[in-house]
Amino acid sequence: MPRKEIVGKVVSDKMDKTVVVAVENRFSHRKYEKHIVRTNKFKAHDADNTCKVGDMVRIRECRPLSKEKRWLVVEITGREEELIVPTEESKG
């Protein structure tokens, strides 16, 4: 049976070899048909500490690696671009 894979955004990278990934689930309410967004957070194993906050990543289900960590980072699908702040020299 294939393992589950989901895509989410890294919201924390403060732990060693671990990132917290937020996955949004958007759906319509059955009765009122209002759009609802639910967010689940998963702890995922990042062996090389390559993920940064804001990156979009694909994670795969795996065996339990610790008390709360049951996911593995497969790939980084998108990077958060750093903000470039103009300085006095570059304005001139």
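All of the numbers you see were taken from the coordinates with simple rules; none came from a lab. All values derive from a computational prediction rather than experimental measurement. All Cβ positions, glycine included, derive from the backbone under ideal geometry; neighbour counts span all protein chains shown.
Of all residues in the range 14-54, those satisfying the criterion of being in a loop (DSSP other than H, G, I, E, B) and within 25 Å of PRO2 (Cα to Cα) are LYS17, ASP46, ALA47, ASP48, CYS51.
Residues being surrounded by fewer than 16 Cβ atoms within 10 Å (Cβ to Cβ) and touching a strand residue (DSSP E or B) at 6+ places or on another chain (Cβ under 9 Å): count how many of those fall in the range 24-47. Even if it seems obvious, please write down each step before you answer.
Keep residues of the range 24-47 that are surrounded by fewer than 16 Cβ atoms within 10 Å (Cβ to Cβ), which gives 24-41, 47.
Filter once more, keeping what is touching a strand residue (DSSP E or B) at 6+ places or on another chain (Cβ under 9 Å): 24-29, 34-41, 47.
Summing the residues that are surrounded by fewer than 16 Cβ atoms within 10 Å (Cβ to Cβ) and touching a strand residue (DSSP E or B) at 6+ places or on another chain (Cβ under 9 Å) in the range 24-47 gives 15.
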